Amino acid sequence: MPSARGNDSVDLFVIGGGINGCGIARDAAGRGLSVELAEMNDLASATSSASTKLFHGGLRYLEYFEMRLVREALIERETLLRAMPHISWPMRFVLPYHRDMRFEGETPTSKLLNTVMPWMKGRRPAWLIRLGLFLYDHLGGRDILPGTRTVDLCDDPAGRVLKDKFARAYEYSDCWIEDSRLVVLNARDAEARGAVIRTRTKVTDARRDKDHWVVTTEDRETGETRQTRARALINAGGPWVKDVIVNTLNQTPSEGVRLVRGSHIVTRRLFDHDKCYFFQGKDGRIIFAIPYETDFTLIGTTDVEHEDVSAKPECTPDEAEYLCNFASEYFRQPVTRDDIVWTYSGVRPLYDDGAKSATAATRDYVLKLNDEGGAPLLNVFGGKITTYRKLAEAAMARITPFFEDSGGNWTAGVALPGGDFEVDGVQRLIDDLRAGYPFLDSYWAGRLVRAYGTEAAQVLGDATCAEDLGPDFGGTLTGREVAWMMRHEYARCAEDVVWRRTRLGLRMTAEQIAALDAWMTSGDAGQVDLPAARSGMKEEQGA
C-alpha cells in the first residue's frame with residue numbers, strides 16, 4: 001500500500017456521504033467551519049437512495065405517541081419544500097377505509113384501545129383515523145399543503161381502480177422528494193461553501209491525538225492514502241455506524257443499532273391519476289402505492305430484520321410477493337410478479353430502543369457525544385430523510401461549543417442548487433425551457449427541470465438541436481447531461497447516473513447502459529464544454 005501523504009487540518013471531519021453526513025457537512029460549512037467529508041462509495045449509494053421518497057410527518061408514528069418526531073417532520077415538510085421545489089413537490093394521499101382494518105399489535109395506541117374498548121378486537125375505528133389526521137393537519141401547521149378531506153370513492157377517480165368494498169377514504173397531504181438528488185445537492189452546496197467532498201474514499205483509521213483526531217483515508221480507486229487532522233469527528237456512517245465505532249475508531253459502542261431492510265417494487269403504471277394510496281394491511285402494517293417516473297407505480301415498503309451490514313440488501317421473492325398480495329387486497333386488478341419491472345431495497349440504521357418488532361422500532365434520531373478522551377466524537381444513530389436538516393442542526397448544537405467563532409443556524413429556507421424559485425414555479429420553468437430549446441418535448445423538459453431546476457438551461461448550454469448535446473444514450477439522456485453530472489455531481493459510472501442521479505435505468509436497455517459506462521470511462525466526457533455550475537445560493541443567503 002502506498003504511504004500516507006499530506007497532513008491537512010480541518011475543523012470537522014464527517015464520515016459518511018448519505019443524507020445525514022452531507023446535510024451536516026453543508027450546515028457546518030455554512031457556519032464557517034472547515035469541513036472534509038469521506039464516503040467509501042458513491043454519494044447516497046445505500047439507504048439514502050433506497051427510501052420511499054417522501055417528505056412526510058409519519059402518520060403511523062402517531063400510534064406510537066412519537067409526537068415530537070411527527071411535529072418536527074410536519075414542520076419540516078414545508079421548510080424543505082420551499083428550499084428545493086424542483087426535487088420536492090406536494091402530493092395527495094388517499095387512505096381507503098373499511099371496518100376490518102387493524103392495528104399493528106404492539107403499538108401503544110392498540111394496547112390502550114384494547115384495554116378500554118376490548119370489543120373492537122384490534123380494529124382501527126374510523127373516528128380514530130380521523131382524529132389522527134386532524135392531529136396530522138394541525139401539529140405542525142400548514143401554509144402550502146391543503147388539509148384532509150373525506151372522499152366518496154364511488155365518485156372520485158381514485159376509487160375506480162379499487163375494489164367495491166372501499167366506498168370511503170380520507171385524503172391528506174405529504175411531499176415527494178428525489179432522495180439521492182437531495183444528497184448530491186447538499187454535497188454540492190457544502191462544497192460551494194468550502195467543504196471538501198471525497199467520494200470512493202474509505203476511512204481506514206481514526207485515532208485521538210490530544211485535542212485532534214488523526215483520520216486516515218484510502219482512495220478506493222487509486223489505493224493512495226492520506227491523513228487529515230480534525231478538531232472534531234462526526235460518524236454519520238448510516239448502517240455502518242457501529243462498524244465504524246468498532247473497526248475504525250477501535251472503541252466499544254455503548255449504543256445499539258437495529259438494521260431493518262425496507263424493500264420496494266416498481267410496477268407498470270397501475271392507475272391514471274396523480275394521487276397516491278396509503279394502504280393498511282390485515283397485519284396492521286401500511287404500504288404506499290405512488291405514481292413513479294411518469295409511467296410506473298412504486299409500492300413499498302417492508303420491515304424485515306437485516307442481520308449483516310456487509311450483505312447487500314435485496315428485495316427477496318417473499319418480500320415482493322408480500323407487497324403484491326398487500327396491494328391486491330385493495331386494487332380491483334390483482335398485482336402480480338409479472339407487473340414488476342424493478343425492485344430495490346435499503347437498510348435503515350435504526351436506534352435500538354428495545355422494541356419487539358422492526359416496525360415498532362423508533363424512527364427518531366439519537367446523537368451521542370463522546371469528548372472524554374479529548375477531541376469530540378459525535379455518533380449519529382437513526383433518523384429519517386424528512387428530518388435530516390433538523391438532525392444536522394442538532395448535531396451542530398452538540399459540536400459548535402468546541403468552536404468559539406462558528407455561526408448559528410442558517411439552513412431553514414435557504415435554497416439548494418437549482419431551487420431558487422417559487423414553489424409553484426415549476427411549470428413556468430418548463431415553459432421557459434421549451435421556449436429556449438424548442439427541440440425538447442414536454443417529458444424531456446419536465447424531467448430536466450425536476451432534476452436541475454433553474455440550472456437546467458446551464459446543462460443544455462448553447463445547444464440548438466438534440467444533436468448538439470452529444471451522444472444519445474436513450475431515455476432522453478445525453479452526453480452533455482452526463483458530463484454535467486460527472487463535472488458537478490460526483491458521478492463516476494453508469495450506475496451513479498441511471499439509478500441514483502436519475503432513474504433512467506427504467507427506460508434504458510442493458511446495452512445502452514453499457515455504452516454509457518464505456519463512454520464515462522473513456523475520457524470523452526472531459527471533452528464536453530460546460531459552463532460553471534452556480535451554487536444555488538442567493539446573495540442574502542450567504543453564511
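What the table shows:
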| quantity | calculated |
| --- | --- |
| From the options 303, 308, residue that is open to solvent by 70 Å² or more (accessible area, probe 1.4 Å) and within 30 Å of residue 244 (Cβ to Cβ) | 308 |
| Top-ranked residue in the stretch 452-467 [being touching a Gly at 6+ places or on another chain (Cβ under 8 Å) and either modelled with pLDDT under 95 or open to solvent by 10 Å² or more (accessible area, probe 1.4 Å) (or both); ranked as farthest from residue 183 (Cα to Cα)] | 457 |
| Positions within the stretch 455-490 being farther than 27 Å from residue 221 by Cβ, more than 26 Å from the chain's Cα centre (by Cα) and outside any helix (DSSP H, G or I), in sequence order | 461, 462, 463, 464, 465, 472 |
| Residue within the stretch 251-266 that is open to solvent by 30 Å² or more (accessible area, probe 1.4 Å), touching a helix residue (DSSP H, G or I) at 6+ places or on another chain (Cβ under 7 Å) and either farther than 28 Å from residue 16 by Cα or not aliphatic (A, V, I, L, M) (or both) present | yes |
| Filtered residue count, the stretch 40-89, keeping only those that are open to solvent by 20 Å² or more (accessible area, probe 1.4 Å) and assigned to a loop (DSSP other than H, G, I, E, B) | 9 |
| Residue count for the stretch 288-305, restricted to those that are modelled with pLDDT of 95 or more and small (Gly, Ala, Ser) | 1 |
| Within the stretch 14-39, considering residues that are part of a loop (DSSP other than H, G, I, E, B) and not charged (D, E, K, R), the one farthest from residue 76 (Cα to Cα) | 34 |
| In the stretch 186-217, residue nearest to residue 384 (Cα to Cα) [restricted to those that are touching a Pro at 6+ places or on another chain (Cβ under 9 Å) and either open to solvent by 10 Å² or more (accessible area, probe 1.4 Å) or β-branched (Val, Ile, Thr) (or both)] | 188 |
| Selection count where residues are open to solvent by less than 50 Å² (accessible area, probe 1.4 Å) and outside any helix (DSSP H, G or I), scope the stretch 440-451 | 1 |
| Failed criterion for residue 79 (all others in (1) under 17 Å from residue 142 (Cα atoms); (2) out of contact with any Lys or Arg (no Cβ under 8 Å at 6 or more places or on another chain) hold) | (2) |
| Failed criterion for residue 226 (all others in (1) assigned to a strand (DSSP E or B); (2) in contact with a Phe, Trp or Tyr (Cβ under 9 Å, 6 or more places away or on another chain) hold) | (2) |
| Residue list for the stretch 496-507, filter: open to solvent by 20 Å² or more (accessible area, probe 1.4 Å) and either at pLDDT below 95 or touching a Phe, Trp or Tyr at 6+ places or on another chain (Cβ under 7 Å) (or both) | 506 |
| Residues satisfying the stated conditions in the stretch 173-230, i.e. basic (Lys, Arg) and on the phi > 0 side of the Ramachandran plot | 200, 210 |
| Any hit, the stretch 506-523, residues being within 20 Å of residue 178 (Cα to Cα) and assigned to a loop (DSSP other than H, G, I, E, B) | yes |
| Whichever residue in the stretch 168-185 is assigned to a strand (DSSP E or B) and not small (Gly, Ala, Ser) and, among such residues, is most open to solvent (accessible area, probe 1.4 Å) | 168 |
| Total residues in the stretch 2-55, condition on the phi > 0 side of the Ramachandran plot and either at pLDDT below 95 or in contact with a Pro (Cβ under 6 Å, 6 or more places away or on another chain) (or both) | 1 |
| Per-region count, the stretch 272-284, residues assigned to a loop (DSSP other than H, G, I, E, B) and crowded, with 19+ Cβ neighbours inside 10 Å | 1 |
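Conditions tested, residue by residue: (1) aliphatic (A, V, I, L, M); (2) under 26 Å from the mean Cα position of the chain (by Cα); (3) within 16 Å of residue 471 (Cα to Cα).
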position	(1), (2), (3)
492	no, yes, no
498	yes, yes, yes
524	no, no, yes
528	yes, no, yes
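The values are calculated or read from the model by the stated rules, or taken from the named source; none is laboratory data. These numbers come from a predicted model, not from an experiment. Neighbour counts run over all protein chains shown; Cβ positions are idealised from the backbone, glycine included. Just so you know, the surface numbers come from the protein's heavy atoms only, side chains and all, with ligands and any DNA or RNA stripped out. Shrake-Rupley method; radii C 1.70, N 1.55, O 1.52, S 1.80 Å.
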